[in-house]
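Comments concern the structure below.
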Amino acid sequence: MTEQTLQFKAEIRQLLDILIHSLYTEREIFLRELVSNASDALNRFQFEQITQPAVRDANAELAITLVCDPDNRTLTIRDTGIGMTEEELIKSLGTIAHSGARAFLEAAREKGQNPTEIIGQFGVGFYSVFMVAEEVRVNSLSARLDTQPASWVATGGDEYRIEPSTKAVRGTEIIVKLKEEAKEFSEFYRVRQIVKTHSDFVAFPIYVEEAGKPAEENKPVNQQTALWRKSAKEISAEDYKNFYQQFTFDFQDPLLHIHYSADAPVQVYSLLFVPSKADPGLFSARREDGLKLYNRKVLIKDNTRDLLPEYLRFVRGVVDTEDLPLNVSRESVQANAVIHKLKQALTRKVLRELEDLAKSDSAKYEAFWNEFGVLIKEGLATAPEDLSRLQGLARFHTTTHLGEWVSLTSYKERAKAEQPAIYYILGDDQHSTVRSPHLDYFRKHGYEVLLLTDPVDAFLLSNLKEFDGLPLKNVAASDTELPAANEASEPEAEKLSDDALAKLVAKFKAQLGERVSNVRTTERLSNSPARLVDAEGSPSQDLQRIYRYMERGYQAPAKVLELNPSHSLVKQLANLAEPNQLLDICIEQIYDSALLIEGLHPDPANMIERIQQIMTAATQ
Ligand code: ADP
Ligand code: MG
């Protein structure tokens, strides 16, 4: 091979620029990142060894060795993992278009997050070494037999070099020449302490040595425990927390840990976590979610998505089973019947833990709901098989409990004895939805209504059609039967004569033309003069919402305008002598207001001129 000088991709140059020139207090995390890469490489080697007939240095101990050399101001991180060829060095450490780099830069710059807290989560952890390095040399020899060793060298500028190497043993060796102000990272005690703090649960032994001195006792610094295989009694809350943080690189505490082992219906050791915050990538396609899957302590797959349903993708953790065949490949994992059983068992366990949390600690459950509720709702919309559990986990705001999260159970407990349904209203946001005319009757007669104002809510209604014997009914649907009136409510206001009303309705029809499918009167309104409802035969409102999200430019079918014959505005309009220009513009404004409250108005600013005309007339 020949030497070559190559350019870093633009986003990596920017990343290096940030890392080199800023002074972070948590620089020590670079070591956690390099050790975690070494551990990943060892995992990949272990897997290779199971699936390939021949590998290089089959007997070399699977371990990570750190060599401290304060005299030369270097720290070397060596592993006997999978190694990298020249092409792999170029691809992994320089050329690859890192979407992670871009996402990281965005989070670090625009959201002002501390880079050292988040770097490991973006798949660019290797570069954190440039916070402390003057020069980085990576010597590597791949586990594949027909390959040559190669080196990668960079100083944090725009370029890196590829050189031939004499590395003779399988694996990767990273020689970090430290900056003067980072020389502490070549000191034996400091390095040991960092390993203890950040890498204690790494599954391979980590040895720390001093250059030139024979290692006195070859004892690993880390405890290497597979925490998930221990019994919960032996583990402290602190252990769980440390494990979580080392495992996810999340600097916050987990909200919940779920330690679950079983022998039937499937053998499993697992340790799962619910983070306390939804991470920024959770709602985008970029993030690699899924659980780490071990088969008899060998890591089979890092991001196994088949172990939990899609909607539980916020759960992080480890699943270890002895029931998979020894030589299972990553590709065949998905189709394996054991995986299917694991998925059922784990899903049941996670949902049960969430139910318990909701019962035992409602404040914590609310914190959970605020972060991940939208995903539970996604589950309600997409996983009918889990409906019976998920509906108990769901929380909503309601007309009588605006700032609180209400469960369907507590709604039902408060419902009137004869109440025939659970009522809901769909809207775009709580603030405007609570003013909807559809709520008039329900408010007047003391019925609580769920406020469904999340985009996902319309989808959820296709599965959640009833709860505990009560159907869910939309207050905006004209075929929703009204529940009993409150007897104590005040006597009805005087109505218009049928004749006057018919004339007014005809006037509205003439003025609005094709824009409405019909105009009629209704007894359902009290405070509002009018409302829009779907015409008979139109798709239901939740379906219309779904179409709106799916299809750009979806045109909802024309609606029916319903007038409130007891409202003073309607009565006064009927009494205006015709022809009257004010009547025409009031009709337009009533229609526009009804559109607006439905969230259907294409151009509200359009109303301003008309409102001014109306005010001018009113103040004459
Ligand atoms: P991530 O570990 O999230 O993939 P990094 O920036 O830490 O991101 O590492 C980039 C890539 O470089 C790794 O995915 C891996 O392919 C390669 N790499 C880094 N260190 C090693 C190592 N010690 N042995 C083998 N490959 C490595
Ligand atoms: Mg890494």
Next on the checklist: If you roll a 1.4 angstrom probe over the protein chains with everything in place, what fraction of the accessible area of the chain belongs to carbon and sulfur, to the nearest %?
Outcome noted: 47
Item to check | Amide proton proximity set for Leu472, modelled H, under 5 Å, gap of 5+ | outcome: Ile422, Glu466, Phe467
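What is the sum of charges, Lys and Arg at +1 and Asp and Glu at -1, for the other residues whose Cβ falls under 14 Å from the Cβ of Thr225?
Charge balance near Thr225 sits at -1.
Roughly how big is the chain's charge dipole about its Cα centre, with Cβ charges of +1 (Lys, Arg) and -1 (Asp, Glu), in debye to the nearest 20? Walk me through the intermediate numbers first.
Values: 72 positive and 93 negative charges, 117 e Å.
Dipole magnitude for the chain comes out near 560 debye.
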Item to check | Gyration tensor (Cα) of the range 275-398, equivalent ellipsoid semi-axes in angstrom | outcome: 28, 15, 13
Item to check | Theoretical FRET efficiency, 1/(1+(r/R0)^6), r = Cβ-Cβ of Gln252 and Asp57, R0 45 Å, to 0.05 | outcome: 0.65
Checklist entry - Where Lys and Arg each count +1 and Asp and Glu each count -1, what net charge lies around Ala458 among other residues with Cβ under 10 Å from its Cβ? => result -1
Checklist entry - Could you give the dipole magnitude of the range 227-360 about its Cα centre, charging the beta-carbon of Lys and Arg +1 and that of Asp and Glu -1, in debye to the nearest 20? => result 140
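Under a 1.4 Å probe, what is the accessible area of the range 1-103 per residue, stated in Å²?
Numbers: 4730 Å² over 103 residues.
For the range 1-103, the solvent-accessible area averages 46 Å² per residue.
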Next on the checklist: Give the lysines whose C-alpha is closer than 25 Å to that of Lys196, dropping any in the same chain fewer than 8 places away, or say none.
Outcome noted: Lys177, Lys179, Lys183, Lys213, Lys219, Lys230, Lys233, Lys241, Lys292, Lys297
Next on the checklist: Please list log₁₀ I(q)/I(0) at q = 0.05, 0.08, 0.10 Å⁻¹ for the chain, using the Debye equation with identical point scatterers on the alpha-carbon positions.
Outcome noted: -0.36, -0.74, -0.94
Item to check | Cα principal axis extents for the range 1-142, largest first, Å | outcome: 49, 36, 31
Checklist entry - Along its principal axes, what span do the Cα atoms of the range 494-620 show, with the longest given first and each in whole Å? => result 47, 32, 25
Checklist outcome for this item: Relative to the chain, whose Cα atoms define the longest principal axis, helix 337-360 and its Cα axis are tilted in degrees, nearest 10, by 60
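Only Cα pairs under 8 Å and at least 6 apart count here; give the relative contact order of the range 315-449 as a rounded whole percent.
So the answer I get is 14 percent.
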Next on the checklist: Of Ser36, Thr453, Ala335, which is farthest towards the positive pole of the chain's charge dipole, taken about the Cα centre with +1 and -1 on the beta-carbons of Lys, Arg and Asp, Glu respectively?
Outcome noted: Ala335
Item to check | Out-of-range pairs (alpha-carbon distance over 23 Å; input Lys277/Lys377; Lys343/Lys364; Lys364/Lys473) | outcome: Lys343/Lys364; Lys364/Lys473
Checklist entry - Along the positive direction of the dipole of the chain (beta-carbon charges: Lys, Arg +1; Asp, Glu -1; about the Cα centre), which of Leu512, Ser231, Ser92 reaches farthest? => result Ser231
Checklist entry - Hey, which lysines would be in cross-link range of Lys559, C-alpha to C-alpha under 18 Å, not counting anything within fewer than 8 residues on its own chain? => result Lys507, Lys509
Checklist entry - Lys503: which lysines have alpha carbons under 17 Å from its alpha carbon, excluding same-chain residues fewer than 8 sequence positions away? => result Lys495, Lys571
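The values are calculated or read from the model by the stated rules, or taken from the named source; none is laboratory data. Model, not experiment: these values are computed from the prediction. For neighbour counting, all protein chains shown are included, and Cβ atoms are generated from backbone atoms with ideal geometry for every residue, glycine included. The protein model used for the area step is the full one, side chains on, heavy atoms only, and it has no ligands, DNA or RNA in it. Shrake-Rupley method; radii C 1.70, N 1.55, O 1.52, S 1.80 Å.
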